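Each remark here refers to the structure printed beneath this line.
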Amino acid sequence: MEAERDVFTAIADVNRRKILRLLADVDEMPLHELTAHFEMGRTAVSKHLAILKEAKLVTSRKVGRETRYQLNPKPLREVRNWVSFYEDFWQGRLAQLAVLLEKQKMSTLEGKIMNADVILDFQYTSSIEQVWKALTESDILEQWILANDFKPVVGHTFQFKSEPNEYWDGIIDGEVLEVDEPHKLSYIWASAGETTTVVWTLTEVSEGKTDLHFEMTGFSEETKATPGAIDGAVYSWTEFAKKLKTVLEK
């Protein structure tokens, strides 16, 4: 009587797993055909088959002088049950991780929204490269914001200039903080005693279509408490965005 071998021990060897895979594709296979799939000889293949037979994973029958081997998949149920347990275990853990990551994402987004004074989103039927050029090239910026000496170089200081009036000298001072072409641009926007930070984030949603996300942060508490001040900033940047659309469509 053959000693019964543990299924997990039997399938631990890569060659024995290959034998099982070969037998799974046919009704049966003789030793010489199995051996043809390996670099080892018949004796070594026979030893592996003996171990698989001890685990009842393989059966055999004599046909004349030839021994033919067949797969017996029933013992593999034990392996399937073991794997299923850990699949359920990890699916549960991954589900918990997904919930945790979503909570962190929402927390980050909420913090971002709370920290930003102005948040606007626009979509343009233009490539991300075209929108980036409109945000960073001085002559194009002049067409939808103001005359300027802007350069997309971190540390570069620049000015936007408009006609002065009795309330404002018409000058906006800035300094480039971050340049990640063509995805993100950030700079200081300082005017009339307020120093804020502008961040543009570009996302190509499809070929020839770009989402443009705008954030402006850093308004003083006094300004934020002044009725209409933040609304005025929203209005101004929305109007700028409309002009940008016109420029991009030229």
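Things to note:
- Of the candidates 228, 174, the single residue that is farther than 15 Å from residue 122 by Cβ and modelled with pLDDT of 95 or more is 174.
- When the residues of segment 40-60 are filtered to those that are assigned to a helix (DSSP H, G or I) and among the basic types (Lys, Arg), the one that is surrounded by the most Cβ atoms within 10 Å (Cβ to Cβ) is 53.
- Set 205, 176, 247: member being among the β-branched types (Val, Ile, Thr) and touching a Pro at 6+ places or on another chain (Cβ under 9 Å): 176
- Complete set of residues in segment 200-226 that are β-branched (Val, Ile, Thr), touching a helix residue (DSSP H, G or I) at 6+ places or on another chain (Cβ under 7 Å) and closer than 19 Å to residue 236 by Cβ: 217, 223
- Tally, over segment 28-39, of residues that are over 17 Å from residue 53 (Cβ atoms) and in a loop (DSSP other than H, G, I, E, B): 4
Results for (1) more than 30 Å from residue 246 (Cβ to Cβ); (2) modelled with pLDDT of 90 or more; (3) not assigned by TED's automatic domain parsing to the domain that holds residue 196, shown as yes or no for each residue.
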residue: 53; (1), (2), (3): yes, yes, yes
residue: 61; (1), (2), (3): yes, yes, yes
residue: 91; (1), (2), (3): yes, no, yes
residue: 120; (1), (2), (3): no, yes, no
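- From 42, 17, 5, residue being of a type in the set (Lys, Arg) and either closer than 22 Å to residue 66 by Cβ or in contact with a Leu (Cβ under 6 Å, 6 or more places away or on another chain) (or both): 42
The values are calculated or read from the model by the stated rules, or taken from the named source; none is laboratory data. Every value quoted in this text rests on a predicted model; they were computed, and no experiment measured them. All Cβ positions, even for glycine, are placed from backbone atoms using ideal geometry, and neighbour counts span all protein chains on display.
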